[in-house]
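Structure first, commentary second.
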Amino acid sequence: MKGLISAAAVALSALGLAAPASAQDKTVSLKIAHWLPPAHALHAAFDTWGKSVQEASGGTIRYQLFPAQQLGQAKDHYDMARDGIADLAYINPGYQPGRFPIIGAAELPLLFANGKSGSAAFDAWYRKYAAQEMGDVKVCATWVHAPGTFHSKKKITRPEDVKGLKVRSANATVGRMVTMLGATNVQVSAPEAREAMERGVADAITFPWDSIILFGIDKAAKFHMDAPLYVSLFVLAMNKGTYEGMSAAQKRVIDNHCNTEWAEKISGAWADKEESGRDKLRGMAGHTLTAPSAAELEEWRKIVDPLAKEWSAEVGRKGLNPDQVLGELKDELKKRSASF
C-alpha cells in the first residue's frame, strides 16, 4: 500500500498536481509609483490592478502604492521604472518633449472624442511601436485622459484668443500649438499647476474637466472652452529586471494584466470622473463655459495642420512612414467609435 501511495504521489507531482505552481514561487513585492494625489480616480484604479495581480498570483506578487511623487518627481517616472527605483511607474511622455516622438501622434489636437474607447484604441495602436522607443522598460498599458481643453482667466473660443497669454500646456504638442498662436508656453507638472495659475505664472491651462476641481485650479480659472481639444498620453511601465526575475507563472499573471483590456479598465473610471467635471463647473457660481461655433472649430482644425507636419517630419527621421503610423491610429479610433 505504501508503494502505491508513493507511486501516486510521484505521478501527481510529475503532472504538476501535487501543489499549485504559485506555491513554489518566491514572493515578489512591487513598488507602484505615481505622481497623483490619493484622491485621484487613477489611484483607486492602480489599487484595483494590484489586487487583481495579487489574487491571480496566489499572493506571490504583492504591491504597494507610492502616490503624490513620493519616489520622485512626475517628469522622472520613466527613468524611475527603467532604473528600478520603482517596479512600475505612471508616466506622462509629454513631460519629456522630443524623447518619445512616435507616441506623440496621439497628442495631435481634435482626434479623440472620449477617454474610454479612446484609451483602448490608443493602447492597441501603440503596442506595435512601444519597443521601438520605450525598449528599456516593459510597457504594460497605455491610455489617454478624457479630452481636455482651455481653462483660463479670460474667455477663449478662437485661436486668436490665445495670443499674448501664458499657457501651462499639457504636453509638447499643445505647447508648440500655443507658441504658434503667439502665447508663452509654461512647463509645469499637474501638481504644480495651481500655484502657477495663482501666482500669475500662467493665465490659462490645458487640462481635463474634473482635474481642474481636484487640483484646486477652479479657484483661478473661471472660463472654460467647451470642446474636446486634446488628450494627454499615459504609460504604465515596468522595470525589465523585475519582470525577468519572476517565475514563468508570475510572468503570465503580469502579461494577463498588461493588455488593451486592462488599459481600458484602468482609464474607464477616470474618464467618467473627468467628464462629470464639466457639469460641476457649469453649476459653480462665477464659471463660464463657452462652446466654439462650427466656424471657430474649423479655425482650430487649420492650426492642427502644421503640427501634424512637424510630427511627420520628426517620425520620418526615425525611419517610419508617418502617414501609415497616423493612419493606423485614426483607423483604431474609428473602429472603436472614439474619433472626434
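Run lengths n ≥ 4 of DSSP H only: what is the helix-derived mean residue ellipticity at 222 nm for the chain, with -39500 (n - 2.57) per run over all residues, to the nearest 500?
Details: 13 runs with 146 residues, N = 340.
The helix-only estimate for the chain comes to -13000 deg cm²/dmol at 222 nm.
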Between the range 272-340 and the range 212-271, how far is it from one alpha carbon centroid to the other, in angstrom? 18
Out of all Cα-Cα pairs in the range 173-260, roughly what percent, to the nearest whole number, are more than 22 Å apart? 46
Quickly work out the I303-to-S337 label distance, labels modelled 7 Å from Cα along the C-beta direction, and quote it in nm with one decimal. 3.0
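Considering all projection directions equally, how large on average is the shadow of the alpha-carbon convex hull of the chain, in square nanometres? Numbers along the way, then the final one.
Working: hull surface 77.9 nm².
Seen from a random direction, the Cα hull of the chain projects 19.5 nm² on average.
Please report I61, I91 as a ranked list, fewest other C-beta atoms within 10 angstrom at the top and most at the bottom. The partial results should precede the final answer.
Working: I61 25, I91 29.
By the 10 Å Cβ count, ascending, the order reads I61, I91.
Out of every Cα-Cα pair in the range 194-340, what percent are more than 18 Å apart? Walk me through the intermediate numbers first.
Values: 7829 of 10731 pairs.
The share of Cα pairs beyond 18 Å in the range 194-340 comes to 73 percent.
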Under a cut-off of 26 Å between alpha-carbon atoms, report the lysines in cross-link reach of K280, not counting same-chain residues fewer than 8 places apart. K116, K153, K154, K155, K166, K219, K222, K265
Kindly express, to the nearest 10 degrees and within the range 0 to 90, the angle between helix 322-335's C-alpha long axis and the longest C-alpha principal axis of the chain. 80
Take the eigenvalues of the Cα gyration tensor for the range 41-91, scale each by 5, and report the square roots as semi-axes in whole Å, largest first. 21, 13, 8
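If you restrict to DSSP beta bridges whose two residues both lie in the chain, what percentage is antiparallel, to the nearest 5? The partial results should precede the final answer.
Values: 18 of 34 bridges.
Of all bridge pairs located within the chain, approximately 55 percent are antiparallel.
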quick shape note, the range 60-213: Cα extents on principal axes in Å, largest first -> 54, 31, 26
Starting from 0.36 nm per residue, how many nanometres of slack lie between E314 and K163 once their C-alpha separation is accounted for? 51.8 nm
Angle check, please: helix 294-316 long axis (alpha carbons) against the longest principal axis of the chain (alpha carbons), in degrees 0 to 90, nearest 10. 50
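Each reported figure results from applying straightforward, stated rules to the coordinates on display, with no laboratory input. Since this is a predicted model, take the numbers as computed values, not measurements. Please note: Cβ atoms are built from the backbone with ideal geometry, for glycine as well, and neighbour counts cover all protein chains shown.
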